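I have a structure here, written as structure tokens, and I will follow up with some questions on it.
The values are calculated or read from the model by the stated rules, or taken from the named source; none is laboratory data. Predicted model only: the values in this text are computed from it and were never measured. Positions of Cβ are backbone-derived with ideal geometry, glycine not excepted, and every protein chain shown enters the neighbour counts. The protein model used for the area step is the full one, side chains on, heavy atoms only, and it has no ligands, DNA or RNA in it. Shrake-Rupley method; radii C 1.70, N 1.55, O 1.52, S 1.80 Å.
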Amino acid sequence: MTAVEVRVLGPVAATADDVDRPLRKPRLREVLGLLVAGHGRTVTTGALVEDLWDGAAPAGAVGAVRTFVGELRRALEPQRAPRTPSRLVVTTPTGYALHLPEHAVDAWRVGAAAAAARAASPTAAAALLTDALAQWCGDAYEEFADRPWAHAERVRLAALRADLTERLADALLATGRAAQAVTLLDPHVAAHPWREDGWRLLATALHRAHRPADALDVLRRGRRTFADDLGLDPGPALVALEQEILDRREHTWSDAGLSALDRRGARARLEASPAVLSSLAVSGDLTTVRAQRLAAVAAAEQLDDPLLSARVIGGLEAPGVWTRSDDEDLARAVVAAAVRTLPRVAGSPHATARLLATIALEDRGTAAREPQAQEAEALARGLGDDRLLCLALSGRSMQRFGRAGLAGDRERIGAELVAAARRAESTTFEICGRIVRLQALCALDRLDEAAAEADVVDALAAAAERPLASTFTDWFRHGFADAPEPAAPAEMPGFSRGIVALSRLTRAVRAGADLPDGDLGPYEPWARPLLLARSGYRDEARRALATAPAPPHDLLLEATWVLLATAARELDAPAVGARAATVLRPAADERAAGSGVIDLGPVRRFLTP
């Protein structure tokens, strides 16, 4: 069956099996445009006559329409046998209708994508909207811009294009891609200066891209545009945004620490810094958080107030759900500051618990800080402080990787974290607990429960504007429900580095397919031996296998050992296989899927070298 596609977002054209079809007569293109505008409904013969000749039809116009339709059918269905009915341009009792699937017409396709994006996570919405906007190759029905019938459709599709642009910008901002949003919005605002949301989004994007002066300039240009061209004052959203940028710029400190602060207000600003940075972190502005956090810690230590230092060091309520740090240098510096401060706050259980929990959260992927996490948890329980307990349990979840097979423990930690977060009315920690539980449920092969947690996470994240949470639910659905591959967010390098290539590789391993190579980032040492073995480089593969370090104690502990065990089998390396089996044996009843992203199936299959 011939696959036909029709384009009207630019020149009207059609292809059949990816080959351009000849629509040389303007009337053929116009009839096709009219049928597309009908969106699958019948366009009456009378309406076609009236629209084609602007109400001044000549004698024989109906016959001419039939001729045009016949020629259009032959162009779209070159393989159709003579005197057989058309399956595409269908005759109805009163006229004709275009019977094509929604995805076969660009104007219909973008409408479907717009609807789908409304229910999607920010990451998925950004992909859908990017594809939708790429469908435009010019103005809609551009050849027929002066035809009365096309006016309403051109206006509708131009408005849709502008809406999609602003919705894409919103999704980019929600996923931390402010610079991309600026690039998208600059020409949009110039082309649509009367759209207030365009100005608002461009100013927001510039501000989040650390260009506050440019953001304020955009808002002032918007104010002049509305006043001079429309005789209107800017709406409350623009006014509020301008004030927010002015306020935040006033309260920004430099990386130089206390020397860059107004010392008269230093203490108050440092007291407020944990709340400000926590808010920025959960809203997705991780770049600013990483740039400013160490400066705040350094400034607090200069004031020589250990309790204040403890509040600044341990006050970032951006709990971890991935066991590889986004900024290892920053994490080491924060841990060092916490260790320095601990002895000086020995009389304060609150401050001690915060510092211990912070050490557990920041020194992740080692399982070496579980004693600190346990002590923080015990202190929080003794104090009856649910919010502090949330922080301690979050740190505990990042450390519960001392050996393989601990998914059941992590599932219980996640469940208790959810309960404590609900008591503390903390959406941030509830999302954290549910993601921790989702990851553990994947290892326990309780995928229906994991999917239910993913749905709750998405609902909470949408309601509370926590854009980065959808990263983990999107990747879960890709790994376990065959959803499309999501983007790996650049603002989360601890997660994004290597994860796309590792996901593709492990999916191919499970499918028994050829293994794709790619940028495996930190996972290179445990994936390369298998890649080399499957490529026929067995000597190199044996050397890579023999020199591969022990995988870290993190969310991918079982998965990386399974990769080594698989390579050992293929290379007949029983010593490595036996070592892997020993490590994996406690996880005999689990899947190598504890990350909620990567799945290498039941661990039991790899316990025999």
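Sort the following peptides by mean Cβ neighbour count (other Cβ atoms within 10 Å, averaged over residues), highest first: 561-570, 100-109, 338-347, 392-401.
In decreasing order of mean packing, 561-570, 100-109, 338-347, 392-401 become 392-401, 561-570, 100-109, 338-347.
Quote the charge dipole size of the chain about the Cα centre in Debye, to the nearest 20; the model charges only the Cβ of Lys and Arg (+1) and of Asp and Glu (-1).
My answer is approximately 960 debye.
Which shape class applies to the stretch 270-367: rounded if a/c is under 1.5, otherwise prolate when a/b exceeds b/c and oblate if not, where a ≥ b ≥ c are the square roots of the Cα gyration tensor eigenvalues?
Values: a/c = 1.70, a/b = 1.24, b/c = 1.37.
Note, shape of the stretch 270-367 comes out oblate.
Over the chain, with the other protein chains present, what is the accessible area per residue in square angstrom, probe 1.4 angstrom?
Computed with neighbouring chains in place, this is 43 Å² per residue.
Simple spin-label model, 7 Å along Cα-to-Cβ: Arg504 to Leu303 in nm?
If labels sit at Arg504 and Leu303, their model points lie 4.9 nm apart.
Hull surface divided by four, with the convex hull built on the Cα atoms of the chain: how many nm²?
Answer in nm², one decimal: 35.0.
Let me ask another. Could you tell me which of Ala300, Ala353, Ala336 has its Cα farthest along the dipole of the stretch 265-403 towards the positive end, charges placed at Cβ (Lys, Arg +1; Asp, Glu -1), taken about the Cα centre?
It is Ala353, whose Cα lies furthest towards the positive end.
Tell me the Rg and the Dmax, in Å, that the Cα atoms of the stretch 71-210 produce.
19.2, 66
Give me the percent of the accessible area of the stretch 429-516 that comes from carbon and sulfur atoms, probe 1.4 Å, all protein chains in place.
That share works out to 51 percent.
Moving on to the next point. Cα gyration tensor of the stretch 437-569, axes a ≥ b ≥ c as square roots of the eigenvalues: rounded (a/c below 1.5), prolate (a/b > b/c) or oblate?
Here the stretch 437-569 falls in the prolate category.
Treat each spin label as a single point 7 Å out from the Cα along the C-beta direction, and report the Asp448 to Ala550 distance in nm.
For the pair Asp448/Ala550, the computed spacing is 3.9 nm.
To the nearest 20 debye, what is the magnitude of the charge dipole of the stretch 362-426 about its Cα centre, counting +1 on the Cβ of each Lys and Arg and -1 on the Cβ of each Asp and Glu? List each step's numbers first, then the result.
On the way: 11 positive and 11 negative charges, 35 e Å.
Charge dipole of the stretch 362-426: 160 debye, to the nearest 20.
In the stretch 113-230, carbon and sulfur make up what percent of the accessible area (probe 1.4 Å)?
On the stretch 113-230, the fraction of accessible area on carbon and sulfur atoms equals 53 percent.
Okay, moving on. With +1 assigned to the C-beta of every Lys and Arg and -1 to the C-beta of every Asp and Glu, and no other charges, what is the dipole magnitude of the stretch 1-53 about the Cα centre in debye, to the nearest 20?
The dipole of the stretch 1-53 has a size of about 140 debye.
So, one more: Using a 7 Å offset from the Cα along the Cα-to-Cβ direction at both Glu50 and Arg381, what is the distance between the two label points in nm, to one decimal?
Inter-label distance under the simple model: 7.8 nm.
Another one. Compute the Cα gyration tensor for the stretch 25-119, then decide on rounded, prolate or oblate, letting a ≥ b ≥ c be the square roots of its eigenvalues: rounded whenever a/c is under 1.5, prolate when a/b is larger than b/c in the other cases, and oblate in all that remain. Present the calculation step by step, with values, prior to reporting the outcome.
Working: a/c = 2.29, a/b = 1.45, b/c = 1.58.
Cα axes put the stretch 25-119 in the oblate bin.
Order Cys432, Cys137, most accessible first, counting only protein heavy atoms with a 1.4 angstrom probe.
Highest to lowest solvent-accessible surface, that is Cys137, Cys432.
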